[in-house]
Amino acid sequence: MTSWAAGSLFYDTGYYDYANPYCEPTAVEYSQPIETTAALPDPNASATMVAVSESERARNAFYGGDYTTALEYVDRALANSPSDPVLHEFRALCLFALHRYKDAAGTLYAVLSVGPGWDWTTMSGLYPNVDVYTQQLRALEDYVRENPDSPDGRFVLAYQYMTDGHPDAAARQLKEVIRLVPNDQVSRQLLAMTAPSEAAAPSGAPSAPSTTEAEPKRTPPASVTGHWTAPATGGGTVELSLGSDDRFTWKYTRPGKTQTFEGKYELSGTTLVLEYSNGGTMVARVNAEGQDKFSFKMVGGPPSDPGLVFSK
């Protein structure tokens, strides 16, 4: 997923619209993406030290099988470190162990929107032995069999299968999730990663045209220097200022909130690279759409990605 390279940057800038279809009222808010573009916390700050202490208590409680207490501790840790994706993913694991699959799905959706999640080595290290995990996985599989139209259960199960290293099993669940929740964009992108052969031609069929041949012809804008505006994907406005000094400012405004980012940019032909001062990079293809207008579409995005259209 393209957005993993930049965490929440694509949502924070208004390029992608974030909508969590599994969001439920819980102790932690997941109607907005986990913010990963904020400056790293001071390791010596009291809030950071509290978060570390509470997360250690959470891991110890989880290892001992006291999942309710583990969840309480991880929620305390998140209150002091709300932008830590690892804590959110551990929270989802606590909810999975407690069979609270709807809450786990909402948490995991937020986690997988900004990062790839854990591997099996990381997850298995949180358990005293694999049998404990296996029992929890079988309970989730039973839940999905008994509730085949429950997208949250299937979404959590797909995540578990991906973490366990079973992409085919994960793909089967993701296809069902998409059938049940067509607006689940994360599952669509995960399926494209997990089962890239889904659209492969049958044996003996002609080869598909190469990606290069299918690429549309683009025309570089005569000049990108200046102040540009575009409608944001989920509503609001994006303002992009590109200076003659190779510096840029990106401002995303929607009701009740404005976020501004700065950094360096480079235009090479139809490729525009934005390097953000607070971390993260956006690489886009641009195309002149007429006088004082150009389209901006992320490299590696899904085929359905509409991109942005900037105009002066």
Q. Mind checking which lysines have their C-alpha under 21 Å from K251, skipping anything on the same chain fewer than 8 residues away?
A. K264, K293, K297, K312
**Q.** Dimensionless Rg ratio for the chain, taking C-alpha atoms and the 2.2 N^0.38 Å reference
**A.** 1.11
Q) Where is the GNM fluctuation largest for the chain (alpha-carbon springs, 10 angstrom cutoff): T229, T163, T121? A) T121
(Q) Under the rule of at least 5 residues apart or a separate chain, name every residue whose amide H is placed under 5 Å from the amide H of A232. (A) T237, V238
Q) When averaged across all projection directions, what area in nm² does the alpha-carbon convex hull of the range 18-154 cover? A) 8.3
Q: Choose one of T233, Y159, Q185: the residue whose Cα lies farthest towards the positive end of the charge dipole of the chain (beta-carbon charges +1 Lys, Arg; -1 Asp, Glu; about the Cα centre).
A: T233
**Q.** Ranked packing of 91-98, 54-61, most packed first, by mean Cβ within 10 Å
**A.** 91-98, 54-61
Q.
If I histogram all Cα-Cα distances within the range 107-166 using bins 10 Å wide from 0, what percent of pairs lands in each bin?
A. 21, 51, 27, 1
Q.
Can you tally the net charge around R57? Count Lys and Arg as +1, Asp and Glu as -1, for every other residue whose Cβ sits under 13 Å from the Cβ of R57.
A. -3
Q) Tell me, what is the FRET efficiency for Q32 and V52 to the nearest 0.05, using R0 = 22 angstrom and their Cβ-Cβ distance as r? A) 0.35
Q | Inter-site label distance for T260 and N278 at 7 Å from Cα along Cβ, in nm | A | 1.2
Q) Packing-wise, with mean Cβ within 10 Å as the measure, how do 75-81, 257-263 rank, highest first? A) 75-81, 257-263
(Q) Taking the number of other C-beta atoms within 10 Å as the exposure measure, put L267, L157 in order starting with the fewest. (A) L267, L157
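Readers should treat all values here as calculations from the given coordinates under stated rules, not as data from a laboratory. Since we're looking at a predicted model, the values are computed, not measured. Here Cβ is always computed from backbone atoms with ideal geometry, including for glycine, and neighbour counts include all displayed protein chains.
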